[in-house]
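Contents: one structure, followed by commentary.
The values are calculated or read from the model by the stated rules, or taken from the named source; none is laboratory data. All of these numbers come straight from a predicted model, not from anything done at the bench. Glycine gets a Cβ as well: all are built from the backbone with ideal geometry, and neighbour counts include every protein chain shown.
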Amino acid sequence: MIVLTGGAGFVGSVVLKTLNENGFENIVVADRLGSTINYRNLIGKKFAMYLDKDKLWEWLDKNGVAVDLIIHLGANADTKQQDVDKVLEDNYYYSQHLYDWAAKNKKRLIYASSSATYGNGENGFVDGADGLDKLRPLGPYAFSKHLFDTWAWNQKTKPAQLVGLKFFNVYGPNEYHKGGTASVPYQMYFQYKNKGSVDIFGTGEQARDFVHVFDIAKIILFFIKNSNKSGLFNAGSGEAVNFKDIAKLVCPKITYTPLPDAIKDTYQMFTKADLTLLRKAGYTEKFIDIKTGIKDYINNYLHNTNYY
């Protein structure tokens with residue numbers, strides 16, 4: 001049995017469908033739906049039951065013996081959230097609780113970290129547990145993810161398998177509920193639809209590693225099927241694409257605006273995943289190139305408001 005936290009979310013719902021397509025249906029989804037509409041992401045998926053994330057502990061106490069693997073994708077992913085205690089409660093303490101349970105009961109744990117932990121990249125984008133103390137994350141969200149990475153990889157008692165995945169800039173279907181924290185391609189497309197142009201901060205030369213959510217799901221599936229592989233890995237495409245080029249894939253008219261003072265201190269100007277460790281672990285899949293990915297995203301999901 002698999003426990004999937006955040007299964008109604010953007011990445012989680014795509015992972016859930018990917019699991020279904022590969023014969024996994026005995027899955028417990030733990031999430032917090034609140035007043036959002038992302039419950040739609042669960043429609044059509046196969047899973048054993050749904051739990052509120054805070055009721056997971058009681059369920060594990062009674063049923064944990066049947067669990068083989070926890071895929072922990074649930075998080076407070078609001079990069080604009082400034083209530084540090086709230087972010088730590090959602091992303092650090094909750095993750096610690098899951099880790100402790102998995103380690104104590106000798107279960108497998110795959111969890112989501114973030115490229116935001118690299119900060120402005122002054123120490124590069126090389127993954128692995130070594131050198132975590134050198135990273136300087138920007139903002140509460142990045143800090144919470146970095147804090148858990150550092151704590152987890154310093155524990156003497158480990159789960160049966162421990163995989164941390166540093167998600168870079170993920171885009172693709174099922175992120176419609178994320179509003180202002182949705183991906184850059186998503187934001188640009190709806191700017192174009194609503195006003196006929198795309199706004200970019202600065203000169204548009206800032207570049208990020210954009211990775212399709214289907215590729216993220218494939219990476220997770222790889223580690224599910226390879227239970228002997230553990231480590232802290234980058235989950236990105238290995239390519240950096242600037243915002244101006246992304247905008248050109250969406251809309252012919254681009255306008256530029258100064259970077260707001262409110263986000264200057266937490267804004268990453270460049271990210272690019274080093275995939276050495278991921279490839280060394282045996283992951284050989286080719287990543288979806290940005291042009292193909294955005295074209296498919298617009299034509300098959302955004303334009304038709306389809307869910308995956």
Requested in this report: Name every residue in region 266-299 that is among the basic types (Lys, Arg) and either more than 20 Å from residue 213 (Cβ to Cβ) or without any contact (Cβ under 8 Å) to a residue 40 or more places away in the chain (or both), in order of residue number.
Outcome: 279, 280, 286
Query raised in the report: Across region 139-184, which residue is surrounded by the most Cβ atoms within 10 Å (Cβ to Cβ) among those that are of a type in the set (Lys, Arg), outside any helix (DSSP H, G or I) and in contact with a helix residue (DSSP H, G or I) (Cβ under 8 Å, 6 or more places away or on another chain)?
Result: 166
Query - Test: residue 116 is assigned by TED's automatic domain parsing to the domain that holds residue 9, surrounded by 15 or more Cβ atoms within 10 Å (Cβ to Cβ), farther than 17 Å from residue 219 by Cβ and more than 16 Å from the chain's Cα centre (by Cα) - result: no
Requested in this report: Scan the helices (runs of 4 or more DSSP H) fully inside region 203-308 and keep the ones with 1 or more residues being acidic (Asp, Glu).
Outcome: 213-225, 243-250, 290-297
Query raised in the report: Is there a residue being among the β-branched types (Val, Ile, Thr), out of contact with any strand residue (DSSP E or B) (no Cβ under 6 Å at 6 or more places or on another chain) and touching a residue at least 12 places away in the same chain (Cβ under 8 Å) anywhere in region 154-174?
Result: yes
Query raised in the report: When you go through (1) among the charged types (D, E, K, R); (2) in contact (Cβ under 8 Å) with a residue 12 or more places away in the chain; (3) part of a helix (DSSP H, G or I); (4) surrounded by fewer than 23 Cβ atoms within 10 Å (Cβ to Cβ) one by one for residue 136, which number turns out not to apply?
Result: (3)
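Starting from residues that are touching a strand residue (DSSP E or B) at 6+ places or on another chain (Cβ under 6 Å) and closer than 15 Å to residue 230 by Cα, keep the ones in region 73-111 and report whichever is surrounded by the most Cβ atoms within 10 Å (Cβ to Cβ).
Taking region 73-111 and keeping what is touching a strand residue (DSSP E or B) at 6+ places or on another chain (Cβ under 6 Å), we get 73-74, 98, 102, 108-111.
Pick out the ones that are also closer than 15 Å to residue 230 by Cα and you get 102, 108-111.
On the way: 102: 27, 108: 20, 109: 24, 110: 24, 111: 25.
Only one residue tops the list, namely 102.
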